[in-house]
Structures are given as structure tokens and as C-alpha cells.
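Structure first, commentary second.
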Amino acid sequence: MKAKYRFMLAACVLGLLMTGPFALTAALLFADAKDAEREAFAQFLLPRLPLGGLMTLLGFIGGLILLRSLFQQYVHGLLRMAETLRLMLGANHNFRVALEGPPEVRELARAANHLAQQRDELLTDVGDQIRNAKATVEEEKNRLAALMSELAMGVIVCNLDGRILLYNSRARLQFKALAQGPTSMSGGALIGLGRSIFSILERGQITHSLENIQQRLRKGSAEPTANFITSTRNGQLLRCQMAPVLRTGADSTTTAIVNNLPPTPPPGEGSDEVSGQAVPDHEKVLDNALGAELEVTGYVLTIENITRNFEREAERDQALQALTDGNRAALGNIRAAVETLLDSPEMEPDTRARFTRVIADEASAMSGRLETTMSRFADSLKTRWPLEDVLGIDILAAAARRIEERLQLPIKHEDQDAELWMRVDSFALIQAITFLASRLQDHYAIRELRLRLSAEGRMVFVDLIWSGTTISSETLYTWELEPMTVGAETSPLTLRDVIDRHGGEIWYQRDKAAHSAFFRIVLPAAVMPEAPATDQAQHLHSDSRPEYYDFDLFAARDAAGSGIDPERRLTDLAYSVFDTETTGLQPSEGDEIIQLGAVRIVNNRLLRQEIFDQLVDPVIPLKPEGIPIHGITEAMVNGQPKLDVVLPAFHEFCAETVLVAHNAAFDMRFFQLKEESLGVRFTQPVLDTLLLSAVIHPNQESHRLESIAERLGINVIGRHTALGDAYVTGEVFLKMVPLLADMGIVTLRQALDASQQTYFARVKY
Amino acid sequence: MSHRILIVDDEPNIVISLEYLMKKEGFQVALATDGEAALQQASAFAPDLILLDIMMPKKSGFEVCQALRADPALAAVKIIMLTAKGRETEVAKGLALGADAYITKPFSTKDLVAQIKSLLG
């Protein structure tokens, strides 16, 4: 009830209280009296009634005045105070309640002011703390950035999804240097925040190394790192070291990640038998004790391009080979000739002369060989394939898992010596075993493969045994020289490469008695005492770990996500904002793209370093009327790559991101017309800032990029180059996201739906 | 009856010594300078023993050895691998593929002759 009505009600009650008792008493007396008494009473009372009425009225007026002033002070006063408090709560924190009115109200106001004071102090305090913390984090970031940029090695930090969370300029340069093809962007552009590392390095290799690290962690290894060498698509060799980023499991909210990791197969699955055989029991105990506390949240990759080193190394190997094998033969020839000469005094003079010539020839060839070998050896550096010492049964167990997963080929283990260590490149070796298994399955339809592990002296034998079908030995010679393929996975190495890398051998042999045949791979044995497990656990838990693990990097897990789910929030997605310059406005009548520019948005930031900027030779002549608009001349596009090269590179640049463009329908039309001839399809969702602008400001006349930028307070620089326009479009888009959220458009699907509903959506090019 | 020996090697500088040695020991000698020729000669010349080099054009000594051992008609032929490849793994491979002996260069001619005689019994 409003204060006004309550006041009126109170006034009525006051009136009743002042007249009611008197009127009631009079009525009761009147009812009780006899007729004569009633008459006397009336005669006495009636003439004096106006006086009484007047007095009552005066009293009533006095009462009203009192009531009103109480109402003013208490009810209205408190209402006013409530409004002030509300103001203090929100809009103006510095406002205070005025001390007025009766003492009780003042006391209340004073208490409220105290509370407000206390709140303000707390707020300032928290604000200061946040500022300080931010400053510290910022400082740490800068320190790390400075540190990383000075490293001569490429450094990349990834989360478990393989998303790049951090990279240094060296890594960027290294991959840029690897870029093949004529566009300035390919290769180098593929390193970027939120991008997948798998576009650069092979997924299997990374997963395998992670598995190795997990296994070492579980065993309590002192150095839970993995080394591998990988070759890029254009044949460069990279040496990578992977170190895990760990978090101790005190934080229960993130432990789920551990469960997602591959190396522990869930119980009850087909691979159980294998892993049960391969992993001794004491290990499982350790697994529970240590694995529960350590959690890999990502990994740091240090990357070094060793192509040149490796070439030198190969040269050195050749040199050594020439020295040993080459001279071995020559020496053999000399020795045989000399001994024959000595043992045959009866020899004819011209035969003798032939023998002497052999000795002279071979001796001079030998010195020549020695000379060249020594000079080559001098400039070769010492680089080696990083062969690791691995427990043999671990490799076989991993290979078995892989074969069963990929090929669904049952694996049995036979006579495996659990104590054997070998020195191998485990990834390559497992690939080789899988490759052989897949070949046997494809060509000879074997139903089962048995793996055997034995040793002789310094050699370890890995045998792949099958029953029934025999093969010709030529088949293996052919397989040795083919690049290893398993399903869709192709390795740049051949089986021979892998064998040679280990200094090993491989051959095909039959076991007639057992009606079986086998491939035998010979590898060098290693003696590997297991490092004591005690002190490393400590090392891992110690406080001496560098501080920069405190970055919020790993909270960004999934921020860039894999794939594009339309139910995801606009603020969580990664975007490629692009623009094209074209010869004209009629794609269907032969106009062509002459420039493509794009910039990435990740985590709500426009990444001005991660760009695509490429002129395109349109093959057709430029239209003179277009030149003033885009400022691109014939001279500029001459010699530039054509769209058949640029568009695939651009497609790769945009992978797994939402496309954003102003008037996207126009640009997309150009792409669509090329879809078939170039075999490049842009299937990801597309957001159009023109349509979004119409969604946000339906009543504005212009939705040109300049007008929108002006409305949203964005400085326009460098317009009408594709990249310049992409920058502006990107900034516009970032400003639009919160405006859309105000309208309840939060997810990608909502944004796409809203766009479609606007009038402009019906305009087709 | 003198034994027949097939010398398979592509290097004339060793063949000259081997040929002279074998003839001096009274063996009948035939020559082949690559893997394919070696297989032809193995049937045509029907040797009792083959001195087989590994690094050769067309077919390597390993392949020749494996092919010879796959042929039941030639099962009795003795094979001595004679090679500049001295690695342990290659020796193992040669013996696994059916060679009777594996001699690495440089070798002593006396030892070679002794080895041949013991194989031919």
C-alpha cells in the first residue's frame, strides 16, 4: 500500500477514535434511561452539541497535524533514505545518506554510512590486489617472452589438444623458413595461437612421445622428456624435444585430463592381454602411487632444424663407410695378390706383371680414398639420430597395440626376453613393424602375427612370425625400398632407412619344421640399468620449478577447440577475418580475385602478427576503372602466384576457424566459383559484419564498413587493401560481439540465425 | 676328379688372384661378374662351391644366396660369402640365408684355401 493511502487510513482511524467512544457512551446511556430522563437529557445536551463538535474537530485537526509530521519524518524519511542507499549501491559509490530527521532515523543513516564506508574500503583493497596480481603476471609474461625470444631454439607450448598456447619468434622463423610454395604465408602462417601443432608435426609422433613421457613419469624417471626427429613435408629434418608441463593433482577440478590420456587402456578391452603381459605388476603399483599425483596438462617443444647437420652427418657416415668398406676391399685385393705372388715363384713374368699392377693400382686408389675421406671428415659435425635406450618388450607391446588398433590384426607374444634393452628410434621402429604387419595382411591375408624377442651377443632379434603362407624373398626387397604406409599414414622414411638408421639388418627366413615364416630385424643391444626411482619423484614435486607455469595458459584449454560447434559462444571461437580485392563486381562474368588479406582472432584478440596477405595474378587484364579503388596495378600482380596456389594456402590458413567478412556473400561467391576447378571447399560457418550490423542497428541507413566503423568508434587506416579492410572488419566484429550479447545473441548458431533473418540476407549476388 | 668352383665378383683385381689361386690348387674355375650371371652359371657350370661377393650389380650376393638355396637341385652347392662388408649383422644375415662360411676382406689366401678344402671334404 502506498504511503499516501496509509496516511488517509490513519486519519480515518484517528477520527473514529476521537468520536467513537463519546458517541457510544451517549447511545448506551440513552438506551438505559426512562422516557422522562431521556427528555431531560436531550434538552440538556442538544443546545451544547455544537460546542462539543467544535472541540472534537479542533482536537482532530491537532491529531492530524501530529500524524502528518510523524509520517513525514519516519515514513517518507526512510523511503528517501532507501533511494539514496540504492544509488550508493550502484551508480555512485561515493554518495552518502544525509543525516536528517528524528534521532532514530539519523542513527540508522549513520550506520548505513558506516557500512558503505567499509564496503568501499574493501573494494579498493580487492581492486589493489587484483591490480598488483595483474602487474606481477604481466611482468612474468614479459620476462618469459624476453627469455624465450633470446633462445636460439624454437619453443612452442601446447595443451593436450595440440593447440599452440605460446611460441617464440625463433619457432616462427624456423617454420617460415620451411615454407614452401610461392605464397609468403604458407608454412610460417601455420604457427599461431590456438592453431593445431599437428599441421606442422605428425600427430602420431606427438602422441607417441606423450605416451613415452607418461610411461616414464609413471616409472618415476628423472628426465620425463622425449626426443624425436621428424621430417616436414618438404623434407627438412627437425629435432624436437618434448617436456611435459605438469601440475600436481591437488587441484581436483583438472584431474579429469589424466583420465583422457591414452596410455592406460581401460580394463576389459581387447588390448588388455597385451598390456598385462608387457607391464610388470610392480609398475602398476607405481602407476597408482605416482600417476595420481602428477598430471600432464600440456607440453613444451623445443625445435631445432638439423637438416644441414644431418646432411653433414650422412656425409660423415659415407666417409667412414668409404674408409672401412672401400679399403677393406682394396686391402683384400692387395693381400690376395701379394700372397699369391709369394706362394708362386714359378709364375710367368707377364702374369707376375699383372699381379704387380693390381697391387700398385689398389695401393694408389687406397691412398686417394684416404685423402678425400679425411678432408671430408674434417668439416663434418657430430650429430646423430637420437637413439634411445628402450626396454625391448615395451616396444613390442606398443607395436602390438598399434597393429591391433590400426589393422585389427590379432597379435600374440612368443618367447619375449623381458630383460632386453635395445638402442632404437622407437617411433620409427614401431612404424616399421606396423608397416610390415600391414603389408603381410594386405598381400598375404595373414590372420595372426606373433612377435618374438631374443638376443645373441650384442644383437637383439625382433621376429615377426606368421604361419602358412610363404612369400618370395624379392617381396621383402621391394618392401624395403617403399615409403612406409599404413592406412592413410605415410612416413617419409623407407623400411631400409629405418634399418640403416639403427645399423641393423632385416631378412626373410622360413622355419619349415614349424610351418611358419618370419621377418627378422636385427638391432643393436643396449645395457640400461634403470635409474633409481626415489629422488626424481622429489624433483618433480619440489618447489624449485620455474614460476612461469602460473600463467593462465592452460585455462585456455579448448578455448580454440577442435572443430566448430555452432552451440559454442562467439567469445570462445577462433576466426579468420578476410577481405578480397577483385577486378570487378561480377564474379559470374569473369571477374577475378587480385588480392587476399586475412587476420586471425583468437581469444577475443585481433592477432595482427598472424596474417595472410597475398597479391594474386588474375590472368585476365585489370580493369582501368578499378585501379583507383584498390590501387593495384598490372605491374604489382605480374609474377605473383595464381589463385590455384593462393586459395589452397588460404584455405589452410583458415582451417578450423569461423570465416568473417564484410559482405561475405560477395567474397564467398568468388570462392564457390573456384571450388570445382581448384578442389578447395570452404565448409566452415561464415559470419557477415554487414548482416550483423543490420541485426544490431536495424534502423540505420548505411551498413557500409566505413559507416559501421565510425558508429562503433574505430579508426580506419589503410582501407582498400585486402589486409587493411580485414583489420577494420576484425575490429568491427570484436566490437559487435558484446552488442550482440546484449540482444541475447551469444552462440554462433544464434548469430547465424539472426543474420539470416535480416532483410539483407535475401540479397543474392 | 677335380672340383668345380664358381667365382662371383665384379672386381677384376680380386678375381685375378682368386682365379690364379684356384687353378693352382687344381680346381676347374668359372667366373661371373654379377648376380644374374652367377645364377645362370650355377645351373650351367654346376659348381661344387661358389665364392660369392655381396656388393654386385643387378642382384646382391644375399639375393643370389637365397635364390640358390631355394632351388632343391642346387642344395649340395657350398657357398662361401666373400665380402668387404664386415659388420656383425651382415655376417649373421649371410649365415642365416644359407651361406656355409662368411669370409671378410682382407683375408689370408691360405685360410681361404683351407676353408674351401674343408668344405669340399
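The values are calculated or read from the model by the stated rules, or taken from the named source; none is laboratory data. Everything numeric here is computed off the predicted structure, so don't read it as measured data. Here the Cβ positions follow ideal geometry from the backbone for every residue, glycine too, while neighbour counts run over all protein chains shown.
A few comments on the model shown:
- A single entry from A:L54, A:L78, A:L46 fulfils the requirement of being assigned by TED's automatic domain parsing to the domain that holds A:A10, modelled with pLDDT of 80 or more and either of a type in the set (K, R) or closer than 30 Å to A:K2 by Cβ (or both): A:L78.
- Filter pass, A:A665 being among the aliphatic types (A, V, I, L, M), within 27 Å of the chain's Cα centre (by Cα) and at negative phi: no
- Residue match in segment A:423-431 (condition: within 14 Å of chain B (Cβ to nearest Cβ), of a type in the set (K, R) and closer than 24 Å to A:I213 by Cα): yes
This table checks each residue for (1) farther than 30 Å from A:L201 by Cα; (2) part of a helix (DSSP H, G or I); (3) among the basic types (K, R).
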residue: A:L64; (1), (2), (3): yes, yes, no
residue: A:Q73; (1), (2), (3): yes, yes, no
residue: A:H114; (1), (2), (3): yes, yes, no
residue: A:D125; (1), (2), (3): yes, yes, no
residue: A:D128; (1), (2), (3): yes, yes, no
residue: A:N132; (1), (2), (3): yes, yes, no
residue: A:E140; (1), (2), (3): no, yes, no
residue: A:L166; (1), (2), (3): no, no, no
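- Any chance A:L748 is touching a Pro at 6+ places or on another chain (Cβ under 8 Å), in contact (Cβ under 8 Å) with a residue 40 or more places away in the chain and either surrounded by 17 or more Cβ atoms within 10 Å (Cβ to Cβ) or within 17 Å of A:R605 (Cβ to Cβ) (or both): yes
- Selection status of B:A46, within 14 Å of chain A (Cβ to nearest Cβ), part of a loop (DSSP other than H, G, I, E, B) and without any contact (Cβ under 8 Å) to a residue 60 or more places away in the chain: no
- Residues satisfying the criterion are present in segment A:649-658 (criterion: surrounded by fewer than 23 Cβ atoms within 10 Å (Cβ to Cβ) and among the acidic types (D, E)).
- Odd one out for A:H720 among (1) out of contact with any Gly (no Cβ under 8 Å at 6 or more places or on another chain); (2) not in a helix (DSSP H, G or I): (1)
- Residue count for segment A:142-164, restricted to those that are at pLDDT 80 or above and in a loop (DSSP other than H, G, I, E, B): 3.
- Restricting segment B:100-121 to residues that are among the β-branched types (V, I, T) and more than 9 Å from every other protein chain (Cβ to nearest Cβ), the residue that is farthest from B:M81 (Cα to Cα): B:V113
- Odd one out for B:D34 among (1) of a type in the set (D, E); (2) out of contact with any helix residue (DSSP H, G or I) (no Cβ under 9 Å at 6 or more places or on another chain); (3) at the interface with chain A (Cβ under 10 Å from one of its Cβ atoms): (3)
- A single member of A:A418, A:A428, A:A455, A:A432 is assigned to a loop (DSSP other than H, G, I, E, B) and touching a residue at least 60 places away in the same chain (Cβ under 8 Å), and it is A:A418.
- Listing of helices (runs of 4 or more DSSP H) fully contained in segment A:459-552 that carry 1 or more residues being on the phi < 0 side of the Ramachandran plot, modelled with pLDDT of 80 or more and out of contact with any His (no Cβ under 7 Å at 6 or more places or on another chain): A:473-481, A:495-501
- Residue check, A:L739 in contact with a strand residue (DSSP E or B) (Cβ under 9 Å, 6 or more places away or on another chain), among the aliphatic types (A, V, I, L, M) and at pLDDT 85 or above: no
- Residue-level check: of (1) surrounded by 13 or more Cβ atoms within 10 Å (Cβ to Cβ); (2) without any contact (Cβ under 8 Å) to a residue 60 or more places away in the chain; (3) part of a helix (DSSP H, G or I); (4) in contact with a helix residue (DSSP H, G or I) (Cβ under 8 Å, 6 or more places away or on another chain), A:F22 misses just (1).
- Just so you know, in segment B:59-82 the residues that are more than 14 Å from the chain's Cα centre (by Cα) and more than 11 Å from chain A (Cβ to nearest Cβ) include one that is farthest from A:G504 (Cα to Cα), and it is B:A73.
- Within segment A:329-353, the set of residues being at the interface with chain B (Cβ under 8 Å from one of its Cβ atoms), part of a helix (DSSP H, G or I) and surrounded by fewer than 18 Cβ atoms within 10 Å (Cβ to Cβ) comprises A:L331, A:D343, A:T351.
- The set of residues from segment B:36-92 being buried (at least 22 other Cβ atoms within 10 Å of the Cβ), small (G, A, S) and farther than 26 Å from B:G121 by Cα comprises just one member, B:A84.
- Here A:V619 clears all of (1) free of Cβ contacts under 8 Å to residues at least 40 places away in the same chain; (2) more than 36 Å from the chain's Cα centre (by Cα); (3) not in a loop (DSSP other than H, G, I, E, B) except the condition numbered (3).
- Whichever residue in segment B:1-17 is buried (at least 21 other Cβ atoms within 10 Å of the Cβ) and free of Cβ contacts under 8 Å to residues at least 60 places away in the same chain and, among such residues, is farthest from the other protein chains (Cβ to nearest Cβ): B:L6
Here is a yes/no grid of residues against (1) in contact with a strand residue (DSSP E or B) (Cβ under 8 Å, 6 or more places away or on another chain); (2) surrounded by 10 or more Cβ atoms within 10 Å (Cβ to Cβ); (3) farther than 24 Å from A:H93 by Cα:
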residue: A:A116; (1), (2), (3): no, yes, no
residue: A:L123; (1), (2), (3): no, yes, no
residue: A:Q129; (1), (2), (3): no, yes, no
residue: A:N132; (1), (2), (3): no, yes, no
residue: A:A135; (1), (2), (3): no, yes, yes
residue: A:M148; (1), (2), (3): yes, yes, yes
residue: A:G154; (1), (2), (3): yes, yes, yes
residue: A:I164; (1), (2), (3): yes, yes, yes
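- Counting only residues that are surrounded by 17 or more Cβ atoms within 10 Å (Cβ to Cβ) and not in a helix (DSSP H, G or I), segment A:659-681 holds 6 of them.
- The residue list A:L476, A:L440, A:L523 contains one member that is more than 11 Å from every other protein chain (Cβ to nearest Cβ) and in contact with a strand residue (DSSP E or B) (Cβ under 9 Å, 6 or more places away or on another chain), which is A:L440.
- Lone unmet requirement of (1) part of a loop (DSSP other than H, G, I, E, B); (2) at the interface with chain A (Cβ under 10 Å from one of its Cβ atoms); (3) closer than 20 Å to A:D511 by Cα for B:K85: (3)
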